[in-house]
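Q: First, the structure itself, so that you have it in front of you.
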Amino acid sequence: LKHSHIFRRSRGMYFSKMDRDQMAAMVYNWPSDDVDVIVVTDGSRILGLGDLGANGMQIPIGKLNLYVAGAGISPLRVLPVVLDLGTNNKELIDSPLYVGVQEPRPDDNEFFSLVDEMMIAFRHRWPNVLVQFEDFSNPHAFQLLDKYRNRHLCFNDDIQSTGAIALSGVLASLKARGKRFSDIGEERIVCVGAGSAGLGVCETLVKCMVDEGCSPDQAYSRFYILDQHGLFSAGRSGMDAGQARFARRDLPEGMSLENVVKEKNCGFHL
């Protein structure tokens, strides 16, 4: 939150909307020819803090610390990146100390065009680099993963890593209760949180249910998704496509967590 206020020196690389057509050259400003992992964010949805823009640089730095400390990757072979396309946080736009672009975020066409240029630049200089997408807002997080997963070595930590850990916990609980993995389709699951992490967990569980014999419709019907406004139902306005897949038609919009659990006797609360 206070990154701009305590800024002392630059760490990592920043690519901005003003760098269009220059990113392929800019990557050569980084002093290492050998980069194994890049963690990149646009700062649009940092944890539960919202749009922090360029202040989100601390997230890639922190995640790469885990690669270094946990996996033994050399700190000289990792690169934290912020794609600074502006911010919709008015407080940052008005702040004289903010280090990022003080303009509203661009439309989707410009967003995807700039991300594409950045990804091509990464791959041109470091052909084998792993790119981790971090804290991109919904629905961009899912759209970027779908666009690049078969073209670049990449993954989305919020969607895939969180989903894998949650799925392992659910499968372990089935085993502990003497059930088979195929019984996952009989579970009722409540998820509080409808951002990229929450939906990523639920989509991972849906895929497992389908693999174990459920139809997609049956799998989605086992979920109850809530945010700060309560349950997602068909009457909710402003849902994106990922949220709409989980919208309930049998319960009222905005139903509280307590009432959902009581009404449906749900077994898992995420």
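Q: Given springs between every Cα pair under 10 Å in a Gaussian network model of the chain, which of Gly235, Gly56, Gly43 has the largest fluctuation?
A: Checking each option, the largest mean-square fluctuation is seen for Gly235.
Q: Per residue Cα convex hull volume for region 151-214, in cubic angstrom? Working shown, then result.
A: Details: hull volume 6.1 nm³, N = 64.
Measuring per residue, one finds 96 Å³ for the Cα hull of region 151-214.
Q: Turning to a different aspect of this structure: Solvent-accessible area of Glu212, probe 1.4 Å, all protein chains present, reported in Å² to the nearest ten, please.
A: Answer for Glu212: close to 80 Å² accessible.
Q: Let me ask another. Taking a quarter of the surface of the Cα convex hull of region 79-236, what do you get in nm²?
A: The Cα convex hull of region 79-236, projected and averaged over all directions, gives 12.4 nm².
Q: Moving to a separate point now. What is the gain in length, in nm to one decimal, between Glu91 and Ala69 on full extension, counting 0.36 nm per residue of separation less the C-alpha to C-alpha distance?
A: Values: separation 22, 0.36 × 22 = 7.92 nm, distance 3.49 nm.
Gain in length upon complete extension: 4.4 nm.
Q: Along the charge dipole of region 36-161, Cβ charges K/R +1 and D/E -1, which of Pro75, Gly48, Tyr148 sits furthest on the positive end?
A: Pro75
Q: Would you work out what percent of the accessible area of the chain, with all protein chains in place, is carbon or sulfur (probe 1.4 Å)?
A: Details: 6960 of 13360 Å².
Carbon with sulfur: 52 percent of the solvent-accessible area.
Q: Which residues in region 109-132 have a backbone N closer than 19 Å to a point placed 7 Å from the Cα of Ser32 along the Cα-to-Cβ line?
A: 119, 121-132
Q: When the expected Rg is taken as 2.2 N^0.38 Å, what fraction or multiple of it is the alpha-carbon Rg of region 74-160?
A: Numbers: Rg = 14.3 Å, N = 87, 2.2 N^0.38 = 12.0 Å.
Relative to the rule-of-thumb radius for its length, region 74-160 sits at 1.19.
Q: Continuing with the same structure: Given the C-alpha atoms of region 193-270, compute the convex hull and give its volume per residue in Å³. All intermediate terms of the calculation are to be shown ahead of the outcome.
A: Values: hull volume 7.0 nm³, N = 78.
Hull volume normalised by residue count: 90 Å³.
Q: Step by step: find N for region 114-165, compute 2.2 N^0.38 Å, then divide the Cα radius of gyration by it. What's the final number? List each step's numbers first, then the result.
A: Numbers: Rg = 11.0 Å, N = 52, 2.2 N^0.38 = 9.9 Å.
Region 114-165 yields a ratio of 1.12.
Q: Sorted by accessible area (1.4 Å probe), largest first, how do Thr162, Thr204, Thr41 line up?
A: Numbers: Thr162 60, Thr204 30, Thr41 0 Å².
Reading off the accessible areas and sorting them downward yields Thr162, Thr204, Thr41.
Q: Give me the percent of Cα-Cα pairs in region 1-129 that sit more than 18 Å apart, rounded to a whole number.
A: Values: 4442 of 8256 pairs.
Summing the P(r) tail past 18 Å for region 1-129 gives 54 percent.
Q: Evaluate the relative contact order of the chain (contact order divided by residue number), counting alpha-carbon pairs under 8 angstrom at least 6 apart; express in whole percent.
A: Working: 444 pairs, mean separation 42.2, N = 270.
Result for the chain is 16 percent.
Q: Taking the square root of 5 times each eigenvalue of the Cα gyration tensor, what semi-axes in Å does the equivalent ellipsoid of region 40-113 have, largest first?
A: Numbers: eigenvalues 137, 38, 21 Å².
For region 40-113, the semi-axes come out at 26, 14, 10 Å.
Q: If you wrap a convex hull around the C-alpha atoms of the chain and split its volume per residue, what is the figure in Å³?
A: On the way: hull volume 40.5 nm³, N = 270.
In the chain, the Cα hull volume divided by residue count equals 150 Å³.
Q: Considering amide H positions built from the backbone, and no H for Pro or chain starts, which residues 5 or more places from Asp227, or on another chain, come under 5 Å of its amide H?
A: Gly193, Phe232
Q: State which entries of Lys207/Lys262; Lys63/Lys90; Lys63/Lys262; Lys207/Lys264; Lys63/Lys207 exceed 31 angstrom in Cα-Cα distance in the structure shown.
A: Lys63/Lys262
Q: Of the residues Met209, Met26, Met18, which exhibits the maximal mean-square fluctuation in a Gaussian network model of the chain defined by a 10 Å Cα contact cut-off?
A: Answer for the Gaussian network model of the chain: Met18.
Q: How much area per residue is accessible in region 200-250 when the probe is 1.4 Å and only protein heavy atoms are counted (Å²)? Could you put the intermediate results ahead of the total?
A: Working: 2410 Å² over 51 residues.
Per-residue value: 47 Å².
Q: When the chain is treated as a GNM, springs tying every alpha-carbon pair under 10 Å, which of Arg11, Arg180, Arg188 comes out with the largest mean-square fluctuation?
A: Its mean-square fluctuation being the largest, the pick is Arg180.
Q: How much accessible area per residue does region 1-100 have, counting only protein heavy atoms and a probe of 1.4 Å, in square angstrom?
A: Numbers: 5210 Å² over 100 residues.
Per residue, region 1-100 has an accessible area of 52 Å².
The values are calculated or read from the model by the stated rules, or taken from the named source; none is laboratory data. Note that this is a predicted model, so its numbers are computed, not measured. We place every Cβ from the backbone using ideal geometry, glycine too, and count neighbours over all the protein chains shown. Each accessible area value is taken on the protein alone, full model and side chains, heavy atoms only, with ligands, DNA and RNA left out. Shrake-Rupley method; radii C 1.70, N 1.55, O 1.52, S 1.80 Å.
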